[in-house]
Amino acid sequence: MTGCLYHPSKEYLKYCLNEINAFLKNENLQLNKKTRIYKNTNNFVFLGKTTKGKYGKYRYVNRRLKNKLQKYSNNSVKLGSLVESVKSYNYLMKRNRT
């Protein structure tokens, strides 16, 4: 499972991370090593959207489509999957231009 916390204060996020770790310790669980706090200015994409609620930019989409094309070339995915991805991203980009 993946989760994200957004807040302008880095100190508050550190506090939240400590609280989450304390809770998980009581449950004999722990966060994986990839857990970290990002700057508020980082523009990363999570589930297709940026931190501002917009859909991923062209560079991200281009990278994803190149990856899908490579998988198609290696017969890892079918042509229909590649076409649907292109159509989906095309629709999202047209919708996000405002």
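The values are calculated or read from the model by the stated rules, or taken from the named source; none is laboratory data. Just so it is clear, the structure is predicted and the values come from calculations on it, not from any experiment. Reconstructed Cβ throughout: ideal geometry from the backbone, glycine too, with neighbour counts over all protein chains shown.
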Legend entry - Hey, SER88 modelled with pLDDT of 75 or more and over 25 Å from CYS4 (Cβ atoms) or not: no
Inset, instruction - Please identify the pairs in which a residue from the range 68-82 that is at positive phi has its Cβ atom under 6 Å from the Cβ atom of a residue that is of a type in the set (Lys, Arg), counting only partners at least 6 apart or on another chain. - result: none
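Residues checked against (1) in the same structural domain as LYS87 (by TED's automatic domain parsing); (2) at pLDDT 80 or above; (3) exposed (fewer than 13 other Cβ atoms within 10 Å of the Cβ):
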| position | (1), (2), (3) |
| --- | --- |
| LYS25 | no, yes, yes |
| ASN32 | no, yes, yes |
| THR50 | yes, no, no |
| GLY53 | yes, no, yes |
| VAL61 | yes, no, no |
| ARG64 | yes, yes, no |
| LEU69 | yes, yes, no |
